[in-house]
Amino acid sequence: MLIDPIYIWAAPYIGAALSLILSKISKRVRNYIAVLSLLFSSIFATITLHEFIIGGKPIHTSHLWIKSLNITFGVYIDGLSSFTAFLVSWLCFFIGFYSLKYMNEDPGLTRYWFFFTFFAGSMLTLVTADNILFMFIGWEGTGLCSYALIGHWFTDEEERCVGDPDRKALGISMLFTPSHSGVRALVFTRLGDVGFITGIAIIYLVLKTFSIPEIIENAPEWIIYLAKLGLLLPALIIFSLGALAKSAQFPFHEWLVTAMTGPTSVSALIHAATMVNAGVYFMLRFSPATYFSLHRIHDEILLHMIKDDITIFFTIIATIGAFTAIFMASQAIVARELKLILAFSTASQLGYMFLAIGAAGLCPEFINGWLASFNHLMSQAVFKASLFMAAGAIIHAVESRFIDDMGGLIHYMKITFISMLLAAFSLSGVPLFQGFWSKDSVLEAAAESGKLWLLVLGTLTAAFTSFYSLRLILRVFTGLKSEKVKHLEHIHHIHEAHPIMLIPYLILAIVAFIVGLIWPIYGPEINSNIIKHVLGIEEHYIIHEIHLNPLLTAASITMVAIGFGSSLYIYKVLKINIIFILKRNSVARFIHNLLYDRYYINPIYYKVLVNGFRGISLLIFKWFDKLVIDSLYHKVIPLTFTKLFNVLFKHFEVPVMDEGYNVRTVNGILKFSAFIRKLQSGILNNYLITFIMGLALMTTLLIILMV
Amino acid sequence: MHLKFELILNLTTLLLIGSGVTIPLIDQLLIERKRKQLGYLISMISLILALLLNVLLIFSKEILSSEMLIVDNFGTIIVMAAIFSALLILIASVSEVRSWSTSTSYYSLIPIALLGIYYISFADDILLIFTSWMLTSVASYVIAGLRKDENSVEGAIKYSIMGMLSTITMLYAIALLYGVSGTTNLHEIGKILKLLDEEKILLVKISLIMFIASLGFKFGVFPFHTWLPDVYGGVHPICVAYLAGVVEILPIAAFVRLLSIFSAVPTLQNTCIFSTFMFSILTMIFGNIVALVQSNIQRMLAYSTIAHAGYFLVGFTAFSITRPILGIPASILGLQGIALHLITYIIAKTGLFITLSYILRKIGSVDLISIRNLGKILPITSFSASILLLSLMGVPPLIGFWSKLLLFLSVAGEYPLLTLIAALNSGISVAYYIVIIKNMYFTQNSTAVQHLERIKDPEVIIMIITSLLTIILGLGIAPYIAAYTTSLK
């Protein structure tokens, strides 16, 4: 072994620490060190991938961490983790390179680079970890960085928000500020993580190990254990909740939409190319064990029972995926914000991956669905990162996030147009692009699963996808120049993005195109390497050719054609003014509003959950001792949080916010000390009562506990 | 040998009670001009003599005992510490107390209160514990109210009423203990307790809890601490110096005597551990958290006293643990820790409250804002106070480091959780101690700085002595003291 694969994730962590330290010396050095650490990490990942392919056996290094619990921290490199680490690390580097220019002159750059590199480290930890606890640490690290970076512009200027300033749905404001969105992301993903950690605990209880290879090796053991208790299906679903939330699947999808308040580079990296794929990665990691354990259970009655449960589980996963795919794609059709279109698209594409992995469990050939999911993960990551970076450049140039303010940009940004077109074609699944092959294999898995609705939803989504992809290109680059563009023309010339920004997304778009071209030749070999020695897949598969089902391919191409055709027809031939139609036609208005307001899911969440809790707590407040609740809600919790935030952000805040926190902390302490003063009342009667109560309580405790 | 130790004890008693009684008498007889100085001198001479006499006890090679007394190294050590500390306070108080109308009472109450502490340190009998307790308690209620201003009177009244409640509780506890054992001698009680059945043991358990409440009341165990912030935080600091620096020994010495009997009974061990453990955690956390938000230094130190009560209880928890740590039984380690921490605590609290008194005299206020620039106004005092604060924090190589190390280490084998909580609390406490130092040295006030310190002031001399002791004891002597405490067992 040339190099310990641990450096893949250690390098970004070291970069994070260095960028903090070096920020005091020189800003330029800090930026370069951060990007350099990402480059090193990608080089290590590449070397590791090369060694894995050459060596032909999994690389497993481990170091003892907590002796008493037998926890190790180590790296497990099989086909899945080596390819994912390769992809993630290079994307991190490209997007880090892009942000050198994109985030130029931002006052919070130290914070930005710290979390950016810390994210890279956490994501790579998650991918390469050999034990589930370590995986969870990476998992949480990515969540934390995502939260911090979504709220990067915590000063909440209107231009950083997501949504229309004055729009309300069911009385709930649809404008989301960065700081609010950050909290939303954290809350939504934490909901799922509770399931994840419960799953870890269950597995540890049964197997007494955290090691992923062992968990997968002994999968039949815990599956049988849970099946005997009748808890297999609930346990599997609970275990997958973290993945569903992380990958923004319905009903957890809302956070990803508003996560677009972060810098575009962050959206590209975390909310399109890497972190949101963690959920899919999790499914890819653990589903083979679940599926193949069926072959290793010999008790007939038990097998029957387990098979039923597992089939239902995969059906649920596939259905959630398919539903999310079309659900989110439909919303992308009417979105007016460039990044929002891409966000909807991301969730929709992630739905495809879940569809594929779920369908895999229902197909006769598990491996086809599994590969389809992973291939789609890789191609989506590449073209979506490219699309997002290009979108960032456009938003930067036009100074607006609304596509209404764009139009006719082809005259100014030709290269951006070309790269965006290539990536959009890949996204739509135009034949011979990378996205075409992966989407086709997803649809094939759906067809093989034998569930018709999966195929129908999947195919329809393809039409939606190509429609909104082309709509985006047409509205942004062609047509009449908008008022805003004309206005900007007078002030300064709108020009092509700076090369540092341009190069990364151009490269990725070209990669998406070229890989698509060579896929029929090299695809089988790559896929053979990917499934080589993947944990849980014991048989040795060799893929000989890329399989195409003519009927299915025809259907999918037809769908792309329908999508492109209708988009062209509406925006180039009819040149419809949407607002005009909406004013006239009430049905169209209803549909538009339904889609535009995200099916009213968000207001419903707020009305039911947030307001519901508020109502309950008001009720409690009315009836319960005011002092207890009062002190908890207004003193203890705010104090704890201000303290916590103070410690967390102490070193990252700009002076403005610093002052705010200081004022808040001081207030918190003042309130706390007022509370204490209440305790120390100076009234002798209270003292006597405290004394007697303390004595009585202790004596009672003694007698009750019999110690 | 017996003759010698009984002689020493009798002579000490005579010195302390004699000076305590004669000072008020002289006050009545002499004319105005001379009497105040004379009371101070008599008190000081008797304390010095008592200290010298008791030094002889150090050289005894065995544990000496008679019917109601047991003279062991632990007792000797804390008696020395108590007399020494009382002497320091007496010397330091002269410039402040001189102007009080009650100064004579102050000089006479110091030896009288000391007598109770002297006997409780050697007590082997619950009746002796009780009488010593009463003597010192009543004296200390009076000391708290000596200055006769509003805060002192309020504090003294609260202290005495709460004190009565705790004394009643202690009487009940003694009654229960006597009821089941039929004797008042502690060693006899220890033997009888081992033979008792389940039902009677329950009574002993309740009596134990009552002992903790009544003794804990005095050294600030939560939730029996309520009077403490009002008295330690409101009464004039020179009186508090005596209450915190000397009277605090009273409950701890008594508790050591009682608990070493109780914890030797197998059926009681769990109760001992449970109660000391619980009270220790509650007390530490309460004291430290509340001290964090105080802006008056005197109140902050009052809450720090409560926190330290929690640390002492950590050592008491170790009494019932037999498993050895580093080759020494945990109970021995706990006793050593308590003795050493008592010395740390006495030196530091005496010095700090004297400092406060000095600040009050020179500047007029003891809140965090008024001590800004103190490093320039009173350089020697500030520096010495900083050393004492660092010692309370447990910074090596000061004596506080060694004592905290022993205390926390003693339970580490059986209850690492308690060690962890204590260490965390110790960490929290750094936050408020350091604020004092920060305000003295690193926060600037715009007003012009005036040098107010005079090297001849007795407070300054005492501060130099306490800080030097803290350093010297810390530089290697502390472990020997600890080993000496239990060397005769």
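Every read-out reported here was derived from the displayed coordinates using simple, explicitly stated rules and does not represent laboratory data. Computed from a predicted structure; not experimentally measured. Here the Cβ positions follow ideal geometry from the backbone for every residue, glycine too, while neighbour counts run over all protein chains shown.
Things worth noting here:
- Near A:ALA169, the amide H atoms lying under 5 Å from its own belong to A:MET174; only residues 5 or more places off or on other chains count, and H is placed 1.01 Å from N.
- Other-chain or far-sequence residues with amide H under 5 Å of B:LEU69's (modelled H): B:ASP124
- Arranged from fewest to most other beta-carbon atoms within 10 Å of their beta carbon, A:LEU517, A:LEU574 become A:LEU574, A:LEU517.
- Sequence ranges B:390-398, A:82-90, A:550-558, A:491-499, ranked by mean other-Cβ count within 10 angstrom, highest first: A:82-90, B:390-398, A:550-558, A:491-499
- Efficiency of FRET from Cβ geometry, A:ILE604 and A:LYS24, R₀ 51 Å, rounded to 0.05: 0.60
- Placing +1 on the Cβ of every Lys and Arg and -1 on the Cβ of every Asp and Glu, with no other charges, gives the protein assembly as shown a dipole of roughly 2640 debye about its Cα centre.
- Cleavage-rule hits, trypsin sites (Lys or Arg not before Pro), the range B:1-105, DSSP coil, Cβ neighbours within 10 Å at most 12: B:LYS61, B:ARG98
- Using R0 = 45 Å, the C-beta based FRET efficiency linking B:ILE63 and B:THR102 works out to 0.65.
- Once the chain from A:ILE581 to A:ILE521 is taken as fully extended at 0.36 nm per residue, the excess over their C-alpha distance is 16.8 nm.
- The charge dipole of chain A, taken about its Cα centre with unit charges on the Cβ atoms of Lys, Arg (+1), Asp and Glu (-1) only, comes to about 2060 debye.
- For chain A: relative contact order, % (alpha-carbon pairs under 8 angstrom, 6 or more apart): 12
- Neighbour net charge for B:HIS236 - beta-carbon separation under 11 angstrom, K R +1, D E -1: +1
- For GluC sites (Glu not before Pro), the sites in the range B:61-162 that DSSP calls loop and that have at most 12 other Cβ atoms within 10 Å are B:GLU62, B:GLU67.
- Across the range B:263-489, C-alpha contacts under 8 Å between residues 6 or more apart give a mean separation that, scaled by the residue count, equals a relative contact order of 26 percent.
- For the range B:263-489: lysine pairs under 24 Å (alpha-carbon distance), excluding those fewer than 8 apart on one chain: 12
- Within chain B: Cβ-based charge dipole about Cα centre, in debye rounded to nearest 20 (Lys, Arg +1; Asp, Glu -1): 980
- Near the amide H of B:LEU398, within less than 5 Å, lie no amide hydrogens of residues on another chain or at least 5 residues away, with H placed in the peptide plane.
- Residue (of A:MET123, A:ASN577, A:GLY199) at the positive-pole extreme of chain A, dipole from beta-carbon charges: A:ASN577
- For the range B:80-93, Karplus couplings with θ = phi - 60° (6.51, -1.76, 1.60), whole Hz, Gly/Pro x: 4, 4, 5, 5, 4, 5, 4, 4, 4, 5, 4, 4, 5, 7
- The phi torsions of the range B:177-191, fed into the Karplus equation with coefficients 6.51, -1.76 and 1.60 and a -60° offset, translate into couplings of 5, 5, x, 7, 9, x, 9, 10, 6, 5, 5, 4, 4, x, 5 Hz, rounded to whole numbers, with Gly and Pro shown as x.
- Label-zone membership for the range A:431-470, site A:THR553, 7 angstrom Cα→C-beta point, backbone N under 11 Å: A:431-432, A:437
- Helix B:297-317 and the long axis of chain B differ in direction by around 20°, with both axes built from C-alpha atoms.
- Contact order normalised by residue count of the range A:1-150, Cα under 8 Å, 6+ apart, percent: 29
- Size check on chain A: the Cα extents along the three principal axes, sorted descending, read 87, 73, 58 Å.
- Of A:LYS307/A:LYS384; A:LYS439/A:LYS486; B:LYS4/B:LYS158; A:LYS57/A:LYS246, those spanning more than 32 Å from alpha-carbon to alpha-carbon: A:LYS307/A:LYS384; A:LYS439/A:LYS486; B:LYS4/B:LYS158
- All aspartates and glutamates inside 20 Å of A:LYS101 as judged from Cα atoms, apart from same-chain residues fewer than 8 positions distant: A:GLU159, A:GLU399, A:GLU496
- ³J(HN,Hα), Karplus 6.51/-1.76/1.60, whole Hz, each residue of the range A:529-537, x for Gly, Pro: 5, 5, 8, 5, 6, 5, 4, x, 9
- At R0 = 60 Å, FRET efficiency that the Cβ-Cβ distance of B:PHE442 and A:LYS414 yields, to 0.05: 0.50
- Shielding by partners for peptide A:693-705, expressed as the average number of C-beta atoms from other protein chains within 10 Å of each residue's C-beta, is 5.
- Helical contribution to [θ] at 222 nm, DSSP H n ≥ 4, -39,500 (n - 2.57), averaged over chain B, rounded to 500: -25500 deg cm²/dmol
- Across peptide B:213-225, the mean count of Cβ atoms from other chains lying within 10 Å of each residue's own Cβ comes to 3.
- Mean partner shielding of peptide A:684-692, defined as the number of other chain Cβ atoms within 10 Å of each residue Cβ, is 6.
- By the beta-carbon count within 10 Å of each Cβ, the least crowded to most crowded order of B:ASP367, B:ASP125, fewest first, is B:ASP367, B:ASP125.
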